[in-house]
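Data block below; observations after.
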Amino acid sequence: MQPSREFFDLQLRFADRVAALAGLSFEDALLDYTNLYIRFGLGRAFDRMHPVWREYADGLRTADDASAWTWHFYQTYAHETPPPHAAGTFGCFKYADESDDLIRLHFQYADPTGAAALGIERMPARLAELHALFVHVAHNRPQTRCVAGTSWLYHLTGYRRLFPDAYLASATVAPARFRNMPLWGQFLDRHGDVRPHPAAQFIERVARATHPDDLAGCFPLQPLTLEAPVDAFYAFHRVSVPER
């Protein structure tokens with residue numbers, strides 16, 4: 001799924017307001033408060049001297065239209081965007097090794113039917129994917145003790161019903177992560193188009209912001225971070241665990 005041009009326009013608009021409120025250059029606001037660096041396939045070092053970032057930033061200074069330049073640049077480099085590292089991928093879900101005893105869950109739209117991935121009719125498919133994921137963890141990563149996740153999706157009933165109560169009960173608001181998709185992803189539908197209502201709400205709040213401390217609150221949904229013992233997932237998803 002490739003984001004639409006409007007997704008980048010939304011971030012440019014936000015960065016412009018950030019620069020004004022925080023006294024930053026437009027380039028610094030784009031680097032620190034948007035998802036562009038990652039979308040250009042540059043990893044997560046956020047190195048302002050990276051040659052590809054320098055090409056983008058230098059071109060931005062002379063561009064007549066920041067939106068057109070950003071969209072052109074993304075189309076040029078989008079194919080080089082490396083997928084996030086995953087120890088295992090199961091349909092819409094993947095997990096990454098966070099540490100020796102902790103894994104982190106990730107979600108991406110990959111429903112083969114084209115239907116809404118979190119609709120009630122697709123719940124059996126999502127549960128089957130998570131069952132397969134935790135079978136894989138149980139047999140291939142027996143040292144795992146905890147499972148973590150961070151996303152705006154944990155606000156949605158369709159997502160919450162896929163996880164055990166102990167995990168859901170641990171939810172806390174994550175610190176503002178302006179560079180990451182767990183925050184920006186709330187504006188995209190499964191086709192990569194900007195969702196009109198949350199985008200309009202966001203734009204209205206950005207226009208009203210008067211202080212840098214107001215910026216995180218401009219986002220309609222705040223990402224939540226959760227963590228629980230892996231045994232809660234084994235029980236919820238009915239996974240038989242080999243003897244440890």
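Can you name the residue in region 181-220 that is among the polar types (S, T, N, Q) and closer than 18 Å to Leu156 by Cβ and, of all such residues, is farthest from the chain's Cα centre (by Cα)?
Step by step, filter region 181-220, then rank; the result is Gln201.
Only one of (1) part of a helix (DSSP H, G or I); (2) in contact with a helix residue (DSSP H, G or I) (Cβ under 8 Å, 6 or more places away or on another chain); (3) not acidic (Asp, Glu); (4) not assigned by TED's automatic domain parsing to the domain that holds Ala116 is not met by Ala200, so which one is it?
(2)
Using the structure shown, decide if His197 is modelled with pLDDT under 95 and surrounded by fewer than 15 Cβ atoms within 10 Å (Cβ to Cβ).
Considered against the rule, which asks whether it is modelled with pLDDT under 95 and surrounded by fewer than 15 Cβ atoms within 10 Å (Cβ to Cβ), His197 comes out as no.
Check Leu156 against each of (1) in the same structural domain as Arg39 (by TED's automatic domain parsing); (2) closer than 21 Å to Leu130 by Cα and name the one condition it does not meet.
Against the list (1) in the same structural domain as Arg39 (by TED's automatic domain parsing); (2) closer than 21 Å to Leu130 by Cα, Leu156 comes up short only on (1).
Taking the conditions exactly as written (touching a strand residue (DSSP E or B) at 6+ places or on another chain (Cβ under 8 Å), surrounded by 19 or more Cβ atoms within 10 Å (Cβ to Cβ), aromatic (Phe, Trp, Tyr) and within 23 Å of Ile120 (Cβ to Cβ)), does Phe233 satisfy them or not?
Against the criterion (touching a strand residue (DSSP E or B) at 6+ places or on another chain (Cβ under 8 Å), surrounded by 19 or more Cβ atoms within 10 Å (Cβ to Cβ), aromatic (Phe, Trp, Tyr) and within 23 Å of Ile120 (Cβ to Cβ)), Phe233 qualifies.
Examine region 136-143 for a residue that is more than 24 Å from Ala15 (Cα to Cα), in a loop (DSSP other than H, G, I, E, B), touching a helix residue (DSSP H, G or I) at 6+ places or on another chain (Cβ under 6 Å) and not charged (D, E, K, R), and state whether such a residue exists.
Checking region 136-143: not a single residue is more than 24 Å from Ala15 (Cα to Cα), in a loop (DSSP other than H, G, I, E, B), touching a helix residue (DSSP H, G or I) at 6+ places or on another chain (Cβ under 6 Å) and not charged (D, E, K, R).
Of all residues in region 193-221, which are out of contact with any Leu (no Cβ under 8 Å at 6 or more places or on another chain) and of a type outside the set (A, V, I, L, M, F, W, C)?
Across region 193-221, the qualifying residues are Asp193, Pro196, His197, Gln201, Glu204, Arg205, Arg208, Asp213, Gly217, Pro220.
The values are calculated or read from the model by the stated rules, or taken from the named source; none is laboratory data. This structure is a prediction, so every number in the text was calculated from the model and none was measured. Positions of Cβ are backbone-derived with ideal geometry, glycine not excepted, and every protein chain shown enters the neighbour counts.
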